[in-house]
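Here the structure comes first, spelled out in structure tokens, and everything after it is commentary.
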Amino acid sequence: MRVLSGIQPTGNLHLGNYLGAIRNWVWMQDDMDSDSQCFFFLADMHSITVHEGREARIRNVRDMAAALVAAGIDPDRSVLFNQARVPAHAELCWLLNGTARIGWLNRMTQFKDKVGKDREGASIGLFVYPVLQAADILLYNATHVPVGEDQKQHLELARDIATKFNTDFDVDLFTMPAPIIPKESARIMSLRDGSAKMSKSDPSDLSRINLTDDDDAIMQKVKKAKTDPEPLPETAEGLAGRPEANNLVGIFATLTGRTPDAVCADFAGKGFGAFKPALGDVLVETLRPIRERFLALRTDDAALDAILNKGAARAAAAAEPTLRAAYDAMGLMR
Ligand code: TYM
């Protein structure tokens, strides 16, 4: 088993990232046997699709590295690195640009969502973003890729690229990666709008819980979360058509390891005035230890850089045979 996943180091790690992906990364790491390996990385080469100054980018990479370690990624057991330190990602992306089709990329919903009406003004990087993501995955022959629901289409594209490359060059080089998407928390929604996903790019900080928010901020955000005036239903079925209520019950269920039905049964007939403080308490207790570890780790830049350097050396060594084989399959002499 080869587990691999990445996260863009832009802004803070938020509850959506944590419940949709990172918690799963930690579980998979902790369940690994000795034949398996986990690769987790900061997608800083992807993050160039959002403009940022030099200092902010350097800080963001260290912040995200600290956040992942604080959330439970162990850099001794897992290979933790940032893409920019492993040039094989950019190299394989270029090779796969010969295989990926414009029509395939035109169908990517995340690209369409991000560019909105200004397609002509979007960067080329944003358009080929999913090819770099395919390179990230195929470089390590990843078998399992733990991600949130929004990455499913990118995973399908990686499989299409792998199949076409293997066929075009008559090789059995790339492994087909399978997405691992959690059942309950694959799509955590904004606290302000139950139809939009929780995201770093939402201009309203009230829309998300950041892993760096302190206890008061978490409680305030939960209390201000949009809801409806109806009481909680007896079963989760009664949450249909109530996206905000559904999201909050889903978060509560995920955090406490129960089903949405069980949570509804507990709070049936009660209003959000009773439910929100209970949800706030669970969030505060879950996030506090992560935040405290994060703040401690964040005081030592050199230690974080050392973790990323060591991870990059291990990643580069693991990537090299696949990269070499890809050049060779194409008849490119290095
Ligand atoms: P990114 O940085 O947007 O998000 C990191 C992970 O968090 C998940 N996620 C969510 N899950 C549930 N609810 C939400 N509201 C939510 N928001 C984010 C994402 O699904 C993701 O798993 N393109 C990727 C990074 C990437 C990558 C890769 C992932 C680059 N190369 C290779 C896997 C394999 C991204 O931008 O994730």
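When the residues of the range 215-232 are filtered to those that are charged (D, E, K, R) and farther than 15 Å from Leu279 by Cα, which remaining residue is farthest from the chain's Cα centre (by Cα)? Give the derivation first.
Of the residues in the range 215-232, the ones charged (D, E, K, R) are 215-216, 221, 223-224, 226, 228, 230.
Add one more test, that the residue is farther than 15 Å from Leu279 by Cα, and what stays is 228, 230.
Numbers: Asp228: 29, Glu230: 33 Å.
Ranking the candidates gives Glu230 first.
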Could you please let me know if Gln151 is within 8 Å of the ligand (Cβ to nearest atom), modelled with pLDDT of 95 or more and outside any loop (DSSP other than H, G, I, E, B)?
yes
Out of the residues in the range 156-186 meeting the condition of being modelled with pLDDT of 95 or more and among the charged types (D, E, K, R), tell me which one is farthest from the ligand (Cβ to nearest atom).
Asp170
Helices (runs of 4 or more DSSP H) contained in the range 233-334 and holding at least 3 residues at pLDDT 95 or above and within 24 Å of the chain's Cα centre (by Cα):
243-256, 272-297, 301-330
Got a sec? Which of Tyr129, Tyr140 is modelled with pLDDT of 95 or more, assigned to a loop (DSSP other than H, G, I, E, B), within 11 Å of the ligand (Cβ to nearest atom) and among the hydroxyl-bearing types (Ser, Thr, Tyr)?
Tyr140
List every residue pair whose Cβ atoms sit under 7 Å apart, with the two residues 6 or more apart in sequence or on different chains, where the first one lies in the range 68-87 and is outside the structural domain of Ala319 (by TED's automatic domain parsing) and the second, anywhere, is at pLDDT below 95 and open to solvent by less than 30 Å² (accessible area, probe 1.4 Å).
none
Total residues in the range 195-226, condition free of Cβ contacts under 8 Å to residues at least 60 places away in the same chain and surrounded by fewer than 19 Cβ atoms within 10 Å (Cβ to Cβ):
13
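The values are calculated or read from the model by the stated rules, or taken from the named source; none is laboratory data. The shown structure was predicted, so the numbers you read here are calculated from the model rather than taken from an experiment. Reconstructed Cβ throughout: ideal geometry from the backbone, glycine too, with neighbour counts over all protein chains shown. We work out accessible area using only protein heavy atoms, side chains counted, and drop any ligands, DNA or RNA first. Shrake-Rupley method; radii C 1.70, N 1.55, O 1.52, S 1.80 Å.
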